[in-house]
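Beneath this line is the structure, given in structure tokens, with notes to follow.
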Amino acid sequence: MQGLPVAIEYGSLSISIFMDPAAVSGIQEPFDLIRLSLSERVFVKLRGDRELTGILHAYDGHMNLILSDVEETIMIVDTDSPTQAINVAKRKSEMLFVRGDGVILVSPPSRS
């Protein structure tokens with residue numbers, strides 16, 4: 001683990017994360033983590049087995065997001081198959097508006 005440990009409390013929720021020391025000073029609540037990701041590439045997990053990776057341009061309190069240079073990954077389970085195989089479909093979009101009620105997770109993309 002790298003960076004400084006940061007504890008974030010929001011109501012009864014308490015989260016401990018490790019952050020770059022330069023970014024720690026501006027964090028007071030969870031949405032500050034999203035604010036620090038503006039103009040950066042983010043990973044977004046959505047309901048319905050969908051995942052997005054793109055550059056975050058804007059967000060609001062409902063977690064509506066505006067992303068550019070987006071790659072969407074959709075996992076489709078073939079229920080007719082005896083093994084219930086998972087098929088993966090991908091598509092790209094220049095600009096995308098994401099409705100916040102479908103957002104499960106927003107994070108920096110994995111480094112793989």
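Worth a mention:
- Within the range 37-66, the set of residues being exposed (fewer than 14 other Cβ atoms within 10 Å of the Cβ) and outside any strand (DSSP E or B) comprises LEU38, SER39, GLU40, ARG47, GLY48, ASP49, ASP60, GLY61, HIS62.
- Cβ-Cβ under 7 Å pairs, at least 6 apart or on other chains, the range 42-54 side touching a residue at least 40 places away in the same chain (Cβ under 8 Å), far side surrounded by fewer than 17 Cβ atoms within 10 Å (Cβ to Cβ) and part of a loop (DSSP other than H, G, I, E, B): VAL42/PRO108; VAL42/PRO109; PHE43/PRO108; PHE43/PRO109; PHE43/SER110; THR53/PRO109
- Every residue from the range 88-112 that is in contact with an Asp or Glu (Cβ under 8 Å, 6 or more places away or on another chain), surrounded by 12 or more Cβ atoms within 10 Å (Cβ to Cβ) and closer than 16 Å to ASP49 by Cα: GLY100
- Only one of the listed residues (ILE34, ILE15, ILE55, ILE66) is farther than 24 Å from ARG99 by Cα and either under 14 Å from the mean Cα position of the chain (by Cα) or modelled with pLDDT under 80 (or both). That residue is ILE15.
- Residue count for the range 69-86, restricted to those that are under 14 Å from GLU51 (Cα atoms) and of a type outside the set (A, V, I, L, M): 4
The values are calculated or read from the model by the stated rules, or taken from the named source; none is laboratory data. Note that the structure is a prediction, hence the values are computed from the model and not measured. Quick reminder, even Gly has a Cβ in these numbers, built from the backbone with ideal geometry, and neighbours come from all protein chains shown.
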